[in-house]
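The values are calculated or read from the model by the stated rules, or taken from the named source; none is laboratory data. No experiment lies behind these values; they were computed from the predicted model shown. Every residue, glycine among them, receives a Cβ derived from its backbone with ideal geometry; neighbour counts consider all protein chains shown. The area values use the complete protein model at the heavy-atom level, side chains included, leaving out ligands, DNA and RNA. Shrake-Rupley method; radii C 1.70, N 1.55, O 1.52, S 1.80 Å.
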Amino acid sequence: ASERAVRAASAIIAGLMAPPDAQNGHAPSNGATESNGAPEQATAPLMPPAAAALVKDAPALQTITRGELMDTPPPPPPDADDADARPLEDHLRECVAVLKRRKGREEPVALLLRDFCAAHPDQRHKVVKAGCIGPLIGLVRSSRTGSCKGAAAAALAQLAYDDEGNRQAILACEGEKPLGALVVDRNAPPTARASACDCLANLAAG
């Protein structure tokens, strides 16, 4: 990718986050509907959500690099204009650290990764290389809230969409097991169960 595309991607991952869903903390996933309280299983790969529109309409938020999602804010950059000039990989490593710490900030980071992957599919390999798959699967398996499980499942669905290498990486970590458990968990939010369905459909599309 060109330097311009990478810098634009860095700005997205550092400073933008989709507005939360009023009920469950994240935007509903496309392609799965409810019937008698259970989501219908998708049979074909599901298109990513329109993340570009979400980003365009999102309110201005503090960036991860400026410490909004970190336990201890890092020192401000010497030049404010260069606040987002660090490589994309640095921002992604910070995302992984937040996902692993599990101190209440992992859900917005999972949502940020979901929308970043949807808006910049050519950069998804960097998300995987940064080590995001394992922590996301861990959140689907054992997060304390159903909405956080759904956010992680939605991020994994974006990684699995139309990418055989990412699908195999998720399956190698046995990600299908916690995703399947989330689908049948009637205590989880409907949108979280639908996101798990989306991801399983994309995993099965290979």
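Computed quantities for the displayed model
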| read-out | value |
| --- | --- |
| Criterion: open to solvent by 10 Å² or more (accessible area, probe 1.4 Å), closer than 24 Å to L88 by Cβ and over 15 Å from the mean Cα position of the chain (by Cα) - qualifying residue of A205, A181, A130, A169 | A169 |
| Helices (runs of 4 or more DSSP H) completely within the range 134-206 that count 3 or more residues being of a type in the set (A, V, I, L, M, F, W, C) and in contact with a Pro (Cβ under 7 Å, 6 or more places away or on another chain) | 190-204 |
| Selection from the range 133-166 of residues that are buried (at least 19 other Cβ atoms within 10 Å of the Cβ) and among the hydroxyl-bearing types (S, T, Y) | S143, S147, Y161 |
| Residue check for D198: farther than 22 Å from V98 by Cβ, open to solvent by less than 10 Å² (accessible area, probe 1.4 Å) and charged (D, E, K, R) | yes |
